[in-house]
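Peer 1: Here's a structure for you.
The values are calculated or read from the model by the stated rules, or taken from the named source; none is laboratory data. As the structure is a computational prediction, the values presented were derived from the model and not from experiment. FYI the Cβ positions are ideal-geometry reconstructions off the backbone, even for glycines, and counts take in every protein chain you see.
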Amino acid sequence: MPGQAGFDLPDKLKILPTDLHIVKTYGNSFNKTPLLEELRKVGVDTVIITGFCAEYCVLATDRGARDLESDADYPARLPGQRRCGQYQVRRERQ
């Protein structure tokens, strides 16, 4: 949650005040957030999903995007990515 340790993004990412900021409270980033509407406003039709643990928020957001008939994809393996559980995630483009 905002204001708690570890919530803010690292300064080295150079996030601008004009960048879109959405706080999510569910694994699926589209669930109960304005994300889809904001992406559509700026003409985004494909999202690349990354995250700390692929089998949690990344998969939930991927499923949410597909439920909304949006195109989403994620790298099969990210540099430094941890395996947080028993699953190695990889989805082939159709």
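Peer 1: Whether any residue in the stretch 33-49 is exposed (fewer than 13 other Cβ atoms within 10 Å of the Cβ), modelled with pLDDT of 90 or more and of a type in the set (S, T, N, Q) is what I want to check.
Peer 2: no
Peer 1: Determine which single condition Asp8 fails, assuming it passes every other condition in (1) in contact (Cβ under 8 Å) with a residue 12 or more places away in the chain; (2) part of a loop (DSSP other than H, G, I, E, B).
Peer 2: Status for Asp8: all satisfied but (1).
Peer 1: Output the residue which, of all residues in the stretch 60-88 that are hydrophobic (A, V, I, L, M, F, W, C), modelled with pLDDT of 85 or more and not in a loop (DSSP other than H, G, I, E, B), is surrounded by the most Cβ atoms within 10 Å (Cβ to Cβ).
Peer 2: Step by step, filter the stretch 60-88, then rank; the result is Ala65.
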